[in-house]
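Structure record follows, encoded as C-alpha cells.
The values are calculated or read from the model by the stated rules, or taken from the named source; none is laboratory data. Everything numeric in this text was worked out from a predicted model, so none of it was measured. In this analysis, Cβ positions are derived from the backbone assuming ideal geometry, glycine residues included, and neighbour counts consider all displayed protein chains. The area values use the complete protein model at the heavy-atom level, side chains included, leaving out ligands, DNA and RNA. Shrake-Rupley method; radii C 1.70, N 1.55, O 1.52, S 1.80 Å.
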Amino acid sequence: MNKNQPTRPDGTRDFSPEVMAKRNYILQTIRAVYQRYGFLPLETPAMENLDVLTGKYGDEGDQLIFKILNSGDFLKDLPADAVTSMGSKKMASKIAGKALRYDLTVPFARYVVMNRGTLTFPFKRYQIQPVWRGDRPQKGRYREFYQCDADVVGTDSLLCEAEIILMINEVLGKLGVQNFQVKINHRQILNGIAEAIGAMDKFSDICVGIDKLDKIGLDKVMQELADRGVSGESIAQLKPILAFEGNLQEKLTYLTTLFENSPNGQKGLADMRAITQMLNSFAQAKDFPTDLHIDFDLTLARGLSYYTGAIFEVKVEGVQVGSISGGGRYDDLTGAFGVPDLPGVGFSFGIDRLYDALEELNLFPAEATVATQILMIGFDEASFAYCLPYLYELRQAGFATELYPTVEKKIKKPMSYANNRGIPFAVLAGSDEMQVGEFSVKNMLSGEQQRVKAGELKTFFATK
RNA sequence: GACUUUGUAGCUCACCUGGUUAGAGCGCCAGUUUGUGGCACUGGAGGCAGUGGGUUCAAGUCCCAUCAUAGUCCCCA
C-alpha cells in the first residue's frame, strides 16, 4: 500500500458523480416543494463565532462543536502556564474564536436577530447546507452531514403545522415513497400526561425515556424511568397511556377525560384538533390526497430540546433507516440572543437517510443518473477540427456532448471511454466522412452505425 | 468519554494451528483486431502485509504500543 495514500477525516464522505446525481434529484424535489409553499432560500457561513454556538446545545453539545483555531500566533495572548491554569474549556475560547456550525437552527436564529429590523414577519426560510458534529461516527451518522430545514418564525398560527404535514406528503409523494407515517404529537400533551400521572417534576426524564420506546421496548423504558427516579405509582399509570391504541379521534377522546385537570394537556389537544380541522378543510380541494399518512403517536417525544408545541417525525416503512424527517414548534427561537417571544415552527429532512431509504426501495429513476449523451471522435488532426463547430452546435441544441480531447492512434481508446461512461452515441469522423460532409453515428447500445449529413446531426438526435 | 471490529495489489478479499521467491477475482496496460467499444483469449505492470517495537532459528500469522477504520453505548439527524 502506498505509504502516502491520502485519507478523509473520520465520518466524512466523498460524493461520487453517480451519488451526486441522486442527491441532487432529492434536493431539487425538496427545494421545489419548499418554494411552492412560500419559503425563501437562505444560506449562512460554515463558521460562526464560537459564542454564538456555545450554550445552545447543552454541555454535551458544546463538546461536539468543531472549533477553529485562530489564525496567526494563536498562543501569543496566553500565559505560559495556560494549560494548567485555565483548563481546556476556557483555553479553547481563547485560542478558537470561531467554530463550524452545529445545526442550521441557531445560525438562523442569529440571522433573524441581526436582521429583525428589516425582515418581514412571518418570515419563512429554507436552508440546505452541511453541518458538523464531532461525535463518533456510526451507521447513518456522520461528522459532516446535510440538513434541509424549513422554518416559519413570527407566528403561532397552526396553519404552519398543517402545511408542514402537506409538504412532507408532497415531497415523499414526488419521490415515489408509498408507505410512510408522519408521526405527530404535542409537547403539551406530553406535559398533560406527566401531570396526569403526578410526575410533572420528571417531565424531561419522561420525554427522554419514552422517546426510546420503539428502540428498546416498553419494559426497558419503564425500567429506565424508574432508574431516573420516577415513582412506581406514576409508572404504573403511564403504562396504559403509552399502550393505548386507537385512531386519532379515539385518542383525542381518551385524552380529553385524562386531561380534565390539566390546562397544559387541554391546550395540546386544542392544537391537535385545530390542525386536523384545517387539514379537513384542505381536503375539500380537488385532487387532494386521500391519505396524509398521519399517525398521532403519544410515544413520540423527540428528546429534550426546545420544542414547546406540536412535534413531528417521519418514518418510512419497510426500510432500516430511522426517521427521515423531524421538527416541531418552539415558543422562543431567539431568546438566547436577547430577542424574546419570537415563536416559530420548523422541520427538516435528513437527506442522507432519505437517500438510503430511496436506494433500499429502488425508487431512483434512471434519468437521475444519465450524463453525457454524445461522444464525438476525430481520427486525425483534420477531422478533429472538423468536429468542433458541430460540437458547439450540438451543445447549443441541448445535447450533452463531448469531443474526445486527443487524437488517438487507436480508436479503441475513445470508444472504450464512451462505453465505460455509458455514453449512448458515438459520432465518428475521419477523412472518409469529411470528404462527403458526413459523420458516422454509432449507437453504442445496439451497435448499429449509420452515416448522417453533418448539417442534419441536430435533427437526427432530436428524434432519439 | 467507554467498548468492539478491521487494516495484505488501484478495488473486493484469500493465505488453515508462525516455515522457501505472499495469491485470486475485478480493474489497469499491451496484443489477437494498422478507422470501431462491450464479449473471448494471450501476455504484462503493480505488495517492504498501516506504522514502530518485541518474542522466535523463522512473523502477514503470536505479544505490546501507536495511527487509521467503522460499528455499539451515551447523545443525536
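Across q = 0.15, 0.18, 0.20 Å⁻¹, the stretch A:209-287 modelled as identical point scatterers on its alpha-carbon atoms has Debye log10 I(q)/I(0) values of -0.70, -0.89, -1.00, in the order of the q list. Remark: the stretch A:189-229 projects, on average over all directions, an area of 2.6 nm² (convex hull of Cα atoms).
A 1.4 Å probe, protein heavy atoms only, puts the accessible area of A:Asp10 near 90 Å². Need one word for the stretch A:109-253: rounded, prolate or oblate. Basis is the Cα gyration tensor (sqrt eigenvalues a ≥ b ≥ c); a/c below 1.5 gives rounded, then a/b vs b/c decides. Here the stretch A:109-253 falls in the prolate category. Around the Cα centre of the stretch A:180-316, unit charges on the Cβ atoms of Lys, Arg, Asp and Glu (plus for the first two, minus for the last two) sum to a dipole of about 240 debye.
Accessible surface computed residue by residue for chain A, with neighbouring protein chains in place and a 1.4 Å probe, gives 52 Å² per residue.
Tell me the net charge near A:Glu359. Cut-off is 12 Å between Cβ atoms, A:Glu359 excluded, with +1 for each Lys or Arg and -1 for each Asp or Glu. Result for the neighbourhood of A:Glu359: -1. Global size of the stretch A:180-316: 15.3, 53 Å for Rg and Dmax (C-alpha atoms, Rg to one decimal, Dmax whole). Prolate is the label for the stretch A:320-458. Its Cα gyration tensor axes, ordered a ≥ b ≥ c, give a/c of at least 1.5 and a/b above b/c. Note on chain A: percent of Cα-Cα distances in each 20 Å bin, starting at 0 and stopping at the bin with the largest distance, equals 19, 42, 27, 11, 1. For chain A, the antiparallel share of DSSP beta bridges with both residues in that region comes to about 80%.
Remark: relative contact order (the stretch A:180-316) = 54 percent; criterion is Cα-Cα distance under 8 angstrom and separation of 6 or more residues. Among A:Lys67/A:Lys220; A:Lys139/A:Lys239; A:Lys174/A:Lys286; A:Lys56/A:Lys251; A:Lys22/A:Lys413, which pairs are too far apart, with a Cα-Cα distance over 27 Å? Pairs exceeding the cut-off: A:Lys67/A:Lys220; A:Lys139/A:Lys239; A:Lys56/A:Lys251; A:Lys22/A:Lys413. With the convex hull of the Cα atoms taken as the outline of the stretch A:240-366, the averaged projected area works out to 11.4 nm². Restricting everything to alpha-carbon atoms, can you work out Rg to Rh for the stretch A:320-371 with a Kirkwood hydrodynamic radius? The Rg/Rh ratio comes out at 1.27.
Ellipticity at 222 nm from helices only: DSSP H runs of n ≥ 4 in chain A, each -39500 (n - 2.57), divided by the residue count, give -12500 deg cm²/dmol.
Rounded to the nearest 10 degrees, the angle from helix A:159-174 to the longest Cα principal axis of chain A is 40 degrees. Size descriptors for the stretch A:202-250 (Cα atoms only): Rg and Dmax, in that order, 11.0, 34 Å.
Dipole of the stretch A:370-462 computed with +1 at Lys/Arg Cβ and -1 at Asp/Glu Cβ about the Cα centre; of A:Thr406, A:Pro424, A:Ile377, farthest Cα towards the positive end is A:Pro424.
Relative to the longest principal axis of the Cα atoms of chain A, the long axis of helix A:82-95 makes an angle of roughly 60 degrees.
Working note: Cα atoms of the stretch A:376-464, range along each principal axis, descending, whole Å: 31, 28, 22.
Binning all Cα-Cα separations of the stretch A:274-325 at 10 Å, short to long from zero, yields these whole-percent fractions: 17, 42, 33, 9. Under a model in which nothing but the beta-carbon of Lys, Arg (+1) and Asp, Glu (-1) is charged, chain A shows a dipole of about 1100 debye around its Cα centre.
DSSP assigns beta bridges within the stretch A:180-316; of those with both partners inside it, close to 70 percent run antiparallel. Relative to the longest principal axis of the Cα atoms of chain A, the long axis of helix A:17-36 makes an angle of roughly 60 degrees. Pull out a ≥ b ≥ c, the square roots of the eigenvalues of the alpha-carbon gyration tensor of the stretch A:86-185, then state rounded if a/c is under 1.5, prolate if not and a/b is larger than b/c, and oblate in the remaining case. Oblate.
Seen from A:Ala397, the other residues with C-beta closer than 13 Å to its C-beta sum to a net charge of +1, counting Lys and Arg as +1 and Asp and Glu as -1.
For the stretch A:180-316, with all protein chains in place and a probe radius of 1.4 Å, 50% of the accessible heavy-atom surface sits on carbon or sulfur. If you take the Cα centroid of the stretch A:247-326 and the Cα centroid of the stretch A:350-423, the two points sit 48 Å apart. Remark: the A:Leu78-A:Gln237 segment gains 51.6 nm on full extension, using 0.36 nm per residue and subtracting the alpha carbon distance. Directionally averaged projected area (the stretch A:146-231, Cα convex hull): 8.2 nm².
Summary: within chain A, the longest segment free of chymotrypsin sites (Phe, Trp or Tyr not before Pro) located in DSSP loops with at most 14 other C-beta atoms within 10 Å is A:245-464.
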